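Below is one structure; the comments refer to it alone.
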Amino acid sequence: MAVQIAPSILSADFARLADEVTAVSNADWIHVDVMDNHFVPNLTLGLPVVESLLKVTPLPLDCHLMIEDPDRWAPGYAEAGAGSVTIHAEAASAPIRTLRAIRSAGARAGLALNPGTAVESYADLLPEIDMMLVMTVEPGFGGQSFLDMVLPKVRRARDLIKGRDLDVWLQVDGGVSAETIERCAEAGADVFVAGSAVYSAEDPAEAVRSLRERASGAYAS
Ligand code: DX5
Ligand code: ZN
């Protein structure tokens, strides 16, 4: 498995977003947390900011939609040029239709599960997705503590993907840091979102490099 690192700009300085994304040019993705103050108790940014970011970074955008009614809004992010669009299983009322609309607009389709949502309920959707996001905190805020209790679910998600012989990426998001990334990799994750671990670091690019090294090391051992 190839390690991919996706710094979350939720922990970046929103007044200097263009510089903040340039500071992590060694990353694989820029993770963009869209929150609507309804699905989660926080409000961040939406499509206009995504459109502006697309103009200033060569890296693909990984849009994580923590919003109600993703069926209505998600295809627009894919049409705008996001590389990946992830909707929450808990919020979607027609996930298959929406995931197909994301793919047909040319983006990778992702399905996110909150810590308390069982992965087994979504096993049948695996052929419809390019990435599963297993949340390792309750969504809504950066800087929260990693929930170790979710790791068995990461393992079960990897087993389900393997069992079906699918090329679905497995992303973890929330509390991923130098202390926790190896545990996530050992459990089978291959795409790692890190907000505070990257943007609170003195040198964000060095933080990306070192997270990548730790995760790769965990595969090798
Ligand atoms: C939380 C967001 C995360 C957040 C992660 O709801 O989905 O992407 O930015 O932040 P850290 O890495 O600080 O936990
Ligand atoms: Zn996120």
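Note: the range 1-61, Cα convex hull, 98 Å³ per residue. Give, as ranges by residue number, the residues of the range 135-172 whose backbone N falls under 11 Å from the point 7 Å along Cα→Cβ of A123. Residues 157, 159-161, 163-164 fall inside that zone.
For the range 1-53, relative contact order (Cα pairs under 8 Å, six or more residues apart, normalised by length) works out to 34 percent.
In loop segments of the range 128-221 as defined by DSSP, the trypsin sites (Lys or Arg not before Pro) with at most 16 further C-beta atoms inside 10 Å of their C-beta are R164. Taking one quarter of the surface of the convex hull spanned by the alpha-carbon atoms of the chain gives a direction-averaged projected area of 10.7 nm².
Would you please state the base-10 log of I(q)/I(0) at q = 0.11, 0.13, 0.14, 0.15 1/Å for the range 1-119, with intensities from the Debye formula using one equal scatterer on every alpha carbon? The computed values of log10 I(q)/I(0) come out as -0.34, -0.48, -0.56, -0.64. For the range 20-157, the relative contact order works out to 18 percent when only alpha carbon pairs closer than 8 Å and six or more residues apart are counted.
All alpha carbon pair distances within the range 63-188 were sorted into 10 Å bins beginning at 0; the resulting P(r) in whole percents reads 14, 46, 34, 7. Can you give the percent of C-alpha pairs in the range 95-163 whose distance is more than 17 Å? Within the range 95-163, distances greater than 17 Å cover 46 percent of Cα pairs.
Restriction of the GluC sites (Glu not before Pro) in the range 149-221 to DSSP coil positions whose beta-carbon has at most 13 other beta-carbons within 10 angstrom yields E179, E202.
Computed from the coordinates by the stated procedures, all read-outs in this text should not be read as laboratory data. Not measured: the values here are computed from a predicted model. Every residue, glycine as well, gets a Cβ built from its backbone with ideal geometry; the counts of neighbours run over all protein chains shown.
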